[in-house]
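The values are calculated or read from the model by the stated rules, or taken from the named source; none is laboratory data. Quick caveat, the model's predicted, so the values are computed rather than measured. So basically every Cβ, Gly included, is an ideal-geometry build from the backbone, and we count neighbours across all protein chains shown.
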Amino acid sequence: MRFSRRGLVVGLAVMLLPLAAQAQSPAPKRKPDLGDAAQGVYSGDVISDSKGSSQSNVTLTVTRVGVNLVKVTSDYDRLPVVTVPLTRAMGRILQARGDSVFLLDPTKEPTSLDVTFNGEVSWSGTRQ
């Protein structure tokens, strides 16, 4: 059985067409979760530190890293990077477990956030 070059090219194109269409289709949208709601930049102050003094004008960045999971970073070296699993209770978003307290109150305007890092340093601020 002999195949013509043209027939081979057409046959191959027909077989690959569904794969090309699938590769170009946008990824399915995911349902927003608590990480999406918490994600953002917050400005505030270190209000308590077991190993030092308070600090004004500290920025926290909350980044969604997974389903109901955020990473909290800051521009102040004293505050460690923490990853916090989230849950919702009484209209607030808070840590599901762990030794870092995360309390986001979306009912306030602007949205308020309070974080205690590893039980040592407390920060309080609002969304920018």
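What number of residues in region 51-76 are exposed (fewer than 13 other Cβ atoms within 10 Å of the Cβ) and modelled with pLDDT of 95 or more? It would help to see each step written out before you state the result.
We begin by selecting, within region 51-76, every residue exposed (fewer than 13 other Cβ atoms within 10 Å of the Cβ); these are 51-53, 56-57, 65-66, 75.
Add one more test, that the residue is modelled with pLDDT of 95 or more, and what stays is 56-57, 65-66, 75.
Counting residues in region 51-76 that are exposed (fewer than 13 other Cβ atoms within 10 Å of the Cβ) and modelled with pLDDT of 95 or more gives 5.
Scan region 101-110 for residues that are without any contact (Cβ under 8 Å) to a residue 60 or more places away in the chain and assigned to a loop (DSSP other than H, G, I, E, B) and jot them down.
107, 108, 109, 110
Taking residue 86 as the residue in question, decide whether it is buried (at least 16 other Cβ atoms within 10 Å of the Cβ) and assigned to a loop (DSSP other than H, G, I, E, B). Can you show your working first?
Working: buried (at least 16 other Cβ atoms within 10 Å of the Cβ): yes; assigned to a loop (DSSP other than H, G, I, E, B): no.
Considered against the rule, which asks whether it is buried (at least 16 other Cβ atoms within 10 Å of the Cβ) and assigned to a loop (DSSP other than H, G, I, E, B), residue 86 comes out as no.
Every residue in region 46-63 that is over 14 Å from residue 82 (Cβ atoms) and touching a residue at least 12 places away in the same chain (Cβ under 8 Å), please. Break it down stepwise before answering.
Quick first cut of region 46-63, residues over 14 Å from residue 82 (Cβ atoms) only: 46-59.
Correct list: 46, 47, 48, 49, 50, 51, 52, 55, 57, 58, 59.
Being within 14 Å of residue 48 (Cβ to Cβ), in contact (Cβ under 8 Å) with a residue 12 or more places away in the chain and not β-branched (Val, Ile, Thr) narrows it down to one of 98, 119, so name that one. If you could, list the steps in order and put the result at the bottom.
Details: 98 fails: within 14 Å of residue 48 (Cβ to Cβ).
Criteria check complete, one pass: 119.
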